[in-house]
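Colleague: Attaching a single structure in structure tokens format; questions to follow.
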Amino acid sequence: MSGFSQFIMQFINGLNIGSIYALIALGYTMVYGIAKLINFAHGDIIMVGAYVSLICLNAGLPWYLACIISILSCSAFGVIMEKFAYKPLRNASRISLLITAIGISYLLENAFQLIFTANPKPYPSFIALPALKIGAVTISANYYITFIISVVLMVVLTLFIRNTNMGKAMRAVSEDAGAARLMGINVDNTISLTFAIGSALAAVAGILYSNCYSPINPTMGSLPGIKAFIAAGLGGIGSIPGAVLGGFFLGMIEAMVKAYISSQLLDSIVFTVLILMLVLKPAGILGKDVREKV
Amino acid sequence: MDQSFKKQLLIDFGTVLGSYAVLFALQKSGVINTYWQGIILVVCINVILTVSLNVTSGFLGELALGHAGFMAIGAYLSAFISKSLPLIPALEFPVAILIGGLSAMAAGYIVAIPTLRLRGDYLAIITLAFGEIIRNILKNLMLFGGTKGYPNIPAYTTFTWAFFGAAVCVLAAKSLIASRHGRSIISVREDEIAAEASGVNTNRYKILAFVFSAFFAGVAGALYAHYIRFLQPSVFTLDKSIEILVMVVLGGMGSIRGSIISATVLTVLPELLRSFSDYRMLMYSIVLIVMMLAKHSASGKIMFRPAADKTQEAET
């Protein structure tokens, strides 16, 4: 294989993992924008989505039903999580919220470990389309489907937030929750909706991720979750195009580092990039610089 | 240094020496068997880890998730020193502990620099990333055996070393917090902008808290390395950092006494409840959530005197 087509292969790998990061990062960024909270448990919702769909598939349900059930249950789960754990802490300090989020993340991982054991479970890939051949490069169905679904969802989400009343309410609440309440927006419902959408996107990411990287285990969500958070931070947390850009950017860095530098030191390099980015440009690529007010 | 503080210091020294004498006598006379002696050692190490993390997370008010990383640096470097330096053991171990602590401190300084520009959530992520970087590097560092582990570390850690390590850490933390530097650290937690406006050099105190906490994490790592005698990168995961955080949260953020007690309880309890060991991490996560929900911030009120807690954490 020539150097160029290998580069193209890596580029496609980067797009694939990048689109999954982007989907997860969207959830992070939406929740952060509206609730000012890093939802550490967001990564674990990917895992919940993957397991729920796996149970449905193993029960013999067709794949589309499995996907729908998984997405709906993750949304419901996201809303319940917000109501029980985050809502009572809305006026508490940041550090309390973060610790609660870490607690929920660990609760999910360990509860699933007790129920399903820590052993990896094979995930039957149900995307059965023919691979795409362009010259010397073959793109498997998993890859282009992941990419297409991610891009479509991102476009739909952007249109939703820009044009619908609910989307406007979301933007208003993230701008200034107090003022939004005075304008007659139901802040609680808007926050719930945000969690529902974010968790649904995480479920989609979980299903796509499991299709590409088959055996799944209860801690599968934590590393992609952290990396997607990095992606959201790279793009500028709170910004939706930023999350997408950051996701693809991070996926590309990962693929290139894996191919051309070292796959063993991958995580070190990715995390170092993150730290440098945050130190040099804390607001991210597309983030706004916010002045501190007293 | 006023009179009451001096008195308090005397009481503290008395408590330390008294409890050391009692524990030492019990161990020598065989009332405490070797199994429990090992557990007491681990309690001492965990007390160091918890109290030192409390300085950043409780008093400075920044969530640090890389404590296991500092511990790993201290453990590996001190083990390297005591394995390669041809000194007599009595001299070698203090040097190893000191090097372990100082190298972790240097790493703490490096991590503290980004914290000067970032707060809260980003800082938590940076420290988490730092911990993962350390573990990833150790996994690939053949000098330290990589994933296979670093064996044959001399068994220098005795009860006396661990106990006085913990005592020094606790007394140092107490003195730091009681001093004007400590008050400055707390002022950063309460309201950074107000602190800065009142002339507190917030950058300096953030670095001070981080470096202090990293140093003792390194010391704990050194003690751990020379007790376990075999190091593996898989020990120093995020789980370990979270475990220490659970101890801090349960004891009360901003309460040193609470940290000592919760580190002891959370080390001894799993030993007593061996059959529930599968549920340990599950219990920890529930502890975190319940503690935060039970009282919005420092949970110290439930258990003990709310140490530096009178004003509560500042609202964000």
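Yes/no matrix, rows are residues, columns are (1) more than 26 Å from A:Val79 (Cβ to Cβ); (2) within 12 Å of chain B (Cβ to nearest Cβ); (3) buried (at least 21 other Cβ atoms within 10 Å of the Cβ); (4) in contact with a helix residue (DSSP H, G or I) (Cβ under 6 Å, 6 or more places away or on another chain):
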{"position": "A:Leu201", "(1), (2), (3), (4)": "no, no, yes, yes"}
{"position": "A:Gly206", "(1), (2), (3), (4)": "no, no, yes, yes"}
{"position": "A:Phe229", "(1), (2), (3), (4)": "no, yes, yes, yes"}
{"position": "A:Gly233", "(1), (2), (3), (4)": "no, yes, yes, no"}
{"position": "A:Gly238", "(1), (2), (3), (4)": "no, yes, yes, yes"}
{"position": "A:Gly247", "(1), (2), (3), (4)": "no, no, yes, yes"}
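Yes/no matrix, rows are residues, columns are (1) assigned to a loop (DSSP other than H, G, I, E, B); (2) more than 14 Å from every other protein chain (Cβ to nearest Cβ); (3) touching a Lys or Arg at 6+ places or on another chain (Cβ under 8 Å); (4) farther than 26 Å from A:Ser19 by Cβ:
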| residue | (1), (2), (3), (4) |
| --- | --- |
| A:Leu98 | no, no, no, yes |
| A:Tyr106 | no, no, no, yes |
| A:Gln113 | no, no, no, yes |
| A:Tyr144 | no, yes, no, no |
| A:Ile149 | no, yes, no, no |
| A:Val152 | no, yes, no, no |
| A:Val155 | no, yes, no, no |
| A:Ile161 | no, yes, yes, no |
| A:Met166 | no, yes, no, no |
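Colleague: Please count how many residues of segment A:115-142 are closer than 15 Å to A:Ile216 by Cα, outside any loop (DSSP other than H, G, I, E, B) and under 22 Å from the mean Cα position of the chain (by Cα).
Modeller: Qualifying residue count for the region: 1.
Colleague: So B:Leu87 ticks every box in (1) more than 22 Å from B:Gln232 (Cα to Cα); (2) assigned to a loop (DSSP other than H, G, I, E, B); (3) within 14 Å of another protein chain (Cβ to nearest Cβ) but one. Which box is left unticked?
Modeller: Checking B:Leu87 against (1) more than 22 Å from B:Gln232 (Cα to Cα); (2) assigned to a loop (DSSP other than H, G, I, E, B); (3) within 14 Å of another protein chain (Cβ to nearest Cβ), the one that fails is (3).
Colleague: Next question. Out of all the residues in segment B:132-142, is one or more assigned to a loop (DSSP other than H, G, I, E, B), open to solvent by 20 Å² or more (accessible area, probe 1.4 Å) and of a type outside the set (Ser, Thr, Tyr)? Give the derivation first.
Modeller: Let us first name the residues in segment B:132-142 that are assigned to a loop (DSSP other than H, G, I, E, B), namely B:141.
Those still in the list that are open to solvent by 20 Å² or more (accessible area, probe 1.4 Å) too: B:141.
Filter once more, so that each one left must be of a type outside the set (Ser, Thr, Tyr): B:141.
Among the residues of segment B:132-142, at least one is assigned to a loop (DSSP other than H, G, I, E, B), open to solvent by 20 Å² or more (accessible area, probe 1.4 Å) and of a type outside the set (Ser, Thr, Tyr), which makes the answer yes.
Colleague: Determine which single condition A:Asn91 fails, assuming it passes every other condition in (1) touching a residue at least 12 places away in the same chain (Cβ under 8 Å); (2) of a type in the set (S, T, N, Q); (3) surrounded by fewer than 22 Cβ atoms within 10 Å (Cβ to Cβ).
Modeller: Evaluating A:Asn91 over (1) touching a residue at least 12 places away in the same chain (Cβ under 8 Å); (2) of a type in the set (S, T, N, Q); (3) surrounded by fewer than 22 Cβ atoms within 10 Å (Cβ to Cβ) leaves (1) as the failure.
Colleague: Separate question: Show the residue pairs that are 6+ apart or on different chains and have beta-carbon atoms under 6 Å apart, the first residue being within segment B:81-108 and more than 29 Å from B:Lys206 (Cβ to Cβ), the second being open to solvent by 50 Å² or more (accessible area, probe 1.4 Å).
Modeller: These pairs meet every condition: B:Ile81/B:Ile99; B:Glu92/B:Leu85.
Colleague: A further question on this structure: Inspect segment A:209-223 for any residue being crowded, with 24+ Cβ neighbours inside 10 Å, in contact with a strand residue (DSSP E or B) (Cβ under 9 Å, 6 or more places away or on another chain) and of a type in the set (Phe, Trp, Tyr) and give the result as yes or no.
Modeller: Among the residues of segment A:209-223, at least one is crowded, with 24+ Cβ neighbours inside 10 Å, in contact with a strand residue (DSSP E or B) (Cβ under 9 Å, 6 or more places away or on another chain) and of a type in the set (Phe, Trp, Tyr), which makes the answer yes.
Colleague: How about segment B:226-301: which helices (runs of 4 or more DSSP H) wholly inside it have at least 2 residues that are at the interface with chain A (Cβ under 9 Å from one of its Cβ atoms) and not aliphatic (A, V, I, L, M)? Step through it out loud before you land on a result.
Modeller: Values: elements: B:238-251, B:256-272, B:280-294.
Counting at least 2 such residues, we get B:280-294.
Colleague: Looking only at segment A:208-227, which residues are within 14 Å of chain B (Cβ to nearest Cβ) and of a type outside the set (S, T, N, Q)?
Modeller: Let us first name the residues in segment A:208-227 that are within 14 Å of chain B (Cβ to nearest Cβ), namely A:218-219, A:221-227.
Those that are within 14 Å of chain B (Cβ to nearest Cβ) and of a type outside the set (S, T, N, Q): A:Pro218, A:Gly221, A:Leu223, A:Pro224, A:Gly225, A:Ile226, A:Lys227.
Colleague: A further question on this structure: Within the set of pairs 6+ apart or on separate chains, which have a first residue in segment B:233-244 that is more than 14 Å from B:Gly146 (Cβ to Cβ), a second that is assigned to a loop (DSSP other than H, G, I, E, B), and C-beta atoms under 9 Å apart?
Modeller: B:Leu238/B:Leu65; B:Leu238/B:Gly66; B:Ser241/B:Ala64; B:Ser241/B:Leu65; B:Ser241/B:Gly66; B:Ile242/B:Leu65
Colleague: Would you say B:Glu62 is farther than 24 Å from B:Gly149 by Cβ, at pLDDT below 90 and open to solvent by less than 20 Å² (accessible area, probe 1.4 Å)?
Modeller: On the way: farther than 24 Å from B:Gly149 by Cβ: yes; at pLDDT below 90: yes; open to solvent by less than 20 Å² (accessible area, probe 1.4 Å): yes.
Criteria met by B:Glu62.
Colleague: Give the residue that is nearest to A:Phe229 (Cα to Cα), with candidates limited to residues of segment A:270-294 that are at the interface with chain B (Cβ under 10 Å from one of its Cβ atoms) and modelled with pLDDT under 65.
Modeller: Selected residue: A:Glu292.
Colleague: Hey, another quick one. Taking segment A:166-196 only, how many residues are open to solvent by less than 40 Å² (accessible area, probe 1.4 Å) and among the polar types (S, T, N, Q)?
Modeller: 3
The values are calculated or read from the model by the stated rules, or taken from the named source; none is laboratory data. Here the structure is a predicted model, which means the values were calculated and not measured. Methodologically, a virtual Cβ is constructed for each residue, glycine included, from the backbone with ideal geometry; neighbour enumeration extends over all protein chains shown. Remember, those area values only see protein heavy atoms, side chains included, never the ligands or the DNA or RNA. Shrake-Rupley method; radii C 1.70, N 1.55, O 1.52, S 1.80 Å.
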